Amino acid sequence: MKRSELREAEFLLLFRSLFNESGEMSIQADRFFESANEDLTVEVTGKDREYIETRIMDIVEKLPEIDNMISETTTGWTLDRFGKVDLTIVRLAVYEIKFDSDIPFGVSVNEAVELAKKYGRDESGAFVNGVLAKFAK
């Protein structure tokens, strides 16, 4: 899978963390990958699955820290004001920006905006871009 396809799968799986306990994420991962070929346009290989699951577990583990960073950066916005899709996309992008030095900042932002346009509301792309732009400093 291409990096953008991996990121989309990560987003779809991470979205499930909003509705499930962190201890249930391995069960959610199994369910996700059972139907992944219906939800995604490419086939998920065993290597891809391992990569996605590892990253999701790392993101879920770091969610308190990621959420704190988002809260500190978005003055006047609490996390409960974010749409669930937007919040998931921002969490994924902040993880990439702060914890994955292999991905350039601009790539993380651009990919997040594209996911927001695809899965979010009409204004999600601009919202996500605005939030993530604050992390450029």
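The values are calculated or read from the model by the stated rules, or taken from the named source; none is laboratory data. Since the model is a prediction, treat every value here as computed from it, not as a measurement. Cβ atoms come from the backbone with ideal geometry, glycine included; neighbour counts cover every protein chain shown. Side chains included, ligands, DNA and RNA excluded: accessible areas come from the protein's heavy atoms. Shrake-Rupley method; radii C 1.70, N 1.55, O 1.52, S 1.80 Å.
Some points to look at:
- Residue match in region 72-85 (condition: free of Cβ contacts under 8 Å to residues at least 60 places away in the same chain, on the phi < 0 side of the Ramachandran plot and among the aromatic types (Phe, Trp, Tyr)): yes
- Apart from one condition, residue 135 fits all of (1) open to solvent by less than 50 Å² (accessible area, probe 1.4 Å); (2) without any contact (Cβ under 8 Å) to a residue 60 or more places away in the chain; (3) of a type in the set (Phe, Trp, Tyr); the exception is (2).
- Scoring residue 54 on the criteria (1) closer than 14 Å to residue 128 by Cβ; (2) under 15 Å from the mean Cα position of the chain (by Cα); (3) modelled with pLDDT under 95 leaves a single failure, condition (1).
- Summed over region 105-126, the residues that are more than 12 Å from the chain's Cα centre (by Cα) and either buried (at least 20 other Cβ atoms within 10 Å of the Cβ) or assigned to a loop (DSSP other than H, G, I, E, B) (or both) give a count of 5.
- Contact map, region 47-62: first residue closer than 14 Å to residue 6 by Cβ, second residue among the hydroxyl-bearing types (Ser, Thr, Tyr) and assigned to a helix (DSSP H, G or I), Cβ cut-off under 6 Å, separation 6 or more or different chains; pairs are 59/95.
- Condition check for residue 89: closer than 14 Å to residue 10 by Cβ, more than 11 Å from the chain's Cα centre (by Cα) and aliphatic (A, V, I, L, M): no
- If you filter region 95-137 down to residues that are β-branched (Val, Ile, Thr) and farther than 17 Å from residue 72 by Cα, you find that the one that is modelled with the lowest pLDDT is 103.
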